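In what follows, a structure is listed as structure tokens, so that the remarks can point back to it.
The values are calculated or read from the model by the stated rules, or taken from the named source; none is laboratory data. Keep in mind it's a predicted model, so treat the numbers as computed, not measured. Please note: Cβ atoms are built from the backbone with ideal geometry, for glycine as well, and neighbour counts cover all protein chains shown. Note: areas computed on protein heavy atoms with side chains; ligands, DNA, RNA excluded. Shrake-Rupley method; radii C 1.70, N 1.55, O 1.52, S 1.80 Å.
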Amino acid sequence: MAITALIVDDEERGRRVMRKLLTKFCPEVEVVGEASSASEGYSLCIQKKPQLVFLDIQMPTGNGFKLLEKFTDVPFDIIFVTGFDQYAINAIKFSALDYLLKPVEVAELKNAVSRAMKSIRDKENKQVQIVNLLNNVDPDSKEKRISMHSNDKVVVINVSDVFYIEADGRYSYVTTQKAEKYMITKTLKEFEEFFSETPLLVRINKSVMLNVAGIKSYAKEEPYYIEMRDGKMFEISRRKRQEVLEKLKK
């Protein structure tokens, strides 16, 4: 999972160091902008819609808290970055928010980013879970649909729009008929169970499920490969071979 982030710090060196640390040690964080003041940071937050903001507290043109006061509902996670300021640190701790002391240590940065990503993922998953539930509890619905978080919105697609699904650990990548690609926090086994009564989708090996309507050709003899309409090739596993071929014949 990749997340977008802003760095708000009045010192150019501080912004440069933070960007380098994130690039080297937290590649899952994509820095989409930098700001040197609270007002500039607010404008960038509106424009870029980051998921995470690294926010310096002490800035001569207005401390970092001034940025947050502009939002009725803060739409991003925050990691405060500060020199020693016991009053501010105590307030941050009391509010159960995260902070880093300058100079920033790599281990603390990685831990803070990990916690922020979990917080972001939990919020996004809860939203997607509710949408998925509402999309599939209607008994009159003719087709199942799946919902996935994409940047600042939830995308809903019909099962027939799925081209193929590729597993990647605890995540899966869904490619649509329009060549759009989305990451979703579901395993292929969960997809297989969810689509068990859907004849369109078939699992062909431990890491791929595909839409039979998207198949261009398949081999009847070894090696058993399936070619999709976009030219992508997938191998049918030995264990799944008979089941897949039977489904393809139908």
Original post:
Calculated from the structure, Cα extents along the principal axes in Å equals which of (i) 46, 40, 38; (ii) 55, 42, 38; (iii) 71, 41, 28?
Top reply: (iii)
Original post:
Which loop chymotrypsin sites (Phe, Trp or Tyr not before Pro) in the range 27-77, with loop taken from DSSP, have no more than 13 other Cβ atoms within 10 angstrom of their Cβ?
Top reply: F71
**OP:** Roll a 1.4 Å probe over the protein chains and send me the accessible area per residue for the chain in Å².
**Re:** 58 Å²
Subject >> P(r) tail fraction, the range 1-103 - alpha-carbon pairs more than 24 Å apart, % >> reply: 15 percent
Original post:
Which value results when the Cα radius of gyration for the range 156-220 is divided by 2.2 N^0.38 Å?
Top reply: 1.04
**OP:** State the Cα centre-to-centre distance between the range 1-48 and the range 182-250 in whole Å.
**Re:** 41 Å
Original post:
Probe 1.4 Å, all protein chains in place: accessible area of R145 in Å², nearest 10?
Top reply: 80 Å²
Subject >> For E105, solvent-accessible area (1.4 Å; no DNA, RNA or ligand), Å² >> reply: 110 Å²
Subject >> Value of relative contact order over the chain, rounded to a whole percent, pairs C-alpha under 8 Å and six or more apart >> reply: 10 percent
**OP:** Return the carbon/sulfur percentage of the accessible area of the chain, one whole number, probe 1.4 Å, all protein chains in place.
**Re:** 50 percent
Original post:
Normalised by the number of residues in the range 190-250, what is the relative contact order in percent for Cα pairs under 8 Å and 6+ residues apart?
Top reply: 27 percent
Subject >> Low-density loop positions, GluC sites (Glu not before Pro), the range 199-239 - DSSP coil, at most 10 other Cβ in 10 Å >> reply: E221
